[in-house]
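Every number in this text was worked out from the coordinates using simple rules, so none of it is lab data. All values derive from a computational prediction rather than experimental measurement. Here the Cβ is made from the backbone with ideal geometry for all residues, glycine too, and neighbour counts use every protein chain on show.
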Amino acid sequence: MSGQRRTLWRLWALVPLITLVAAVSIFVSAGGSLVDLVGTNPPPADTFAVRRVEFADGEIRLRVTNPQRERLTVALVTVDDAIVPFRLDGPTTLRRLGSSTIVIPYHWVADDPIAFGITSSTGIETVHAVAAAVKTSRPSGRSFLGYGLIGFLVGIVPVALGLAWLPSLRHANARWLAAFMALTGGLLTFLAFDALDGALKLQAAVPAGFGGVGLVVLGVALSYLGLTWLSHRLSRRGQAGDGGPEDGPAQAGDVLSGPALALMIAIGIGMHNLGEGLAIGSSFALGELTLGTFLIVGFMVHNITEGLGIATPIAEGRRVGPGRLVTLALVAGAPAIAGAWIGGFLANDILGVLFFSLAVGAALQVVVEVGRYLRRRAPGGLGSGWVVGGFLAGIVVMWTTGLIAG
């Protein structure tokens, strides 16, 4: 094919796109008459999305967002049905997905319920209630240390305790090791669905214009594909270390080595612990101290099985040094510290959806790697009773400890 004909066909490939753009443009500019043929919709209610409430001494701050296409203007603010003075830290008129902070000078009463009303220029009021007013903690060295210690207790300590089962696992026979490896697969499958439940709940509270479901899908895809790439790199590196080819396409039978699989499991668990830390930090930031304390105890019990899942792949290989074990514990547990800081100081709903979505994709990808590992090395393959029983036991264990976490 000549160069001129090749260029012509490439240009022709743009014709459907150009035609589609033209058709959409015509509909947007003159589509109202077409829609009127089948009916009309009432105009959307002028409602604000209240995304954060902060209580300080003699002051309340409301972070609001406009979730709809039409611009919204903050005209009036009430507290417990009483009109109050206010100022805006940001624009008065909000474009679509625009945000502003309403600052209200008000002497609120600790632990009392309080309700806010935000009225737009069209006279429609958005009501937001808080069950109990609690002073919002501000970033400080003391709170930074406190959230860090909470993340340490929730993430690193239980994972390290779970890794302490490694000497016992080294003396287990191949069938028991396969069962514990399958238990890891069940554990991660439970974590994936648990994180998906958290992501969907959080996205339901996100303003519709942010496309919460799309954010969930994006997070799942990013983490799954990212860990797939990392798995490929670790597999290639392992083959190169064994004298195999370092470059070239991966083969269908490539299986991660035990230490590499342990690292992948630690990464997947770490992403989930990031979401757990976020939940704990957010609960304390919102004044739900009882809930936050309950989550700490529950997650500590819940997460000790995660260390067992990390230890199992390295139980039948050569011994690993303390430095490698410390690294695995930090990879799996330290994200809980970062999550606690983010939840305590930012309490950002968009980040919450993204973190839990990343955990879903990471856990599912590692489940795939665990399945490949068992298919190659487990006595009897994936269909053996040891593997099936271990997988179901992993789900039951996580469900049972999850009841404690709440």
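Under the shape rule built on the C-alpha gyration tensor, where the axes satisfy a ≥ b ≥ c, region 141-405 is prolate, since a/c reaches at least 1.5 and a/b is greater than b/c.
Under 5 Å between amide hydrogens, built in the peptide plane, is the criterion, and for Tyr106 it picks out Glu59, Ile60 among residues at least 5 positions away or on other chains.
Look at where the Cα atoms of region 318-336 and of region 153-205 average out, and the two centres are 15 Å apart.
Scanning residues 5 or more positions from Leu94 or on other chains, those with amide H under 5 Å from its amide H are Leu72, Thr73, Val74, with H placed 1.01 Å from N in the peptide plane. Can you bin region 49-130 into rounded, prolate or oblate? Criterion: square roots of the alpha carbon gyration tensor eigenvalues sorted a ≥ b ≥ c, rounded for a/c under 1.5, prolate for a/b above b/c, oblate for the rest. Prolate.
If you wrap a convex hull around the alpha carbons of region 136-234, what volume per residue comes out, as a whole number of Å³?
On the way: hull volume 17.3 nm³, N = 99.
Each residue corresponds to 174 Å³ of Cα convex hull volume.
Each peptide in 54-61, 113-120 gets a packing score, the mean of other Cβ atoms within 10 Å over its residues, and the list from highest to lowest is 113-120, 54-61.
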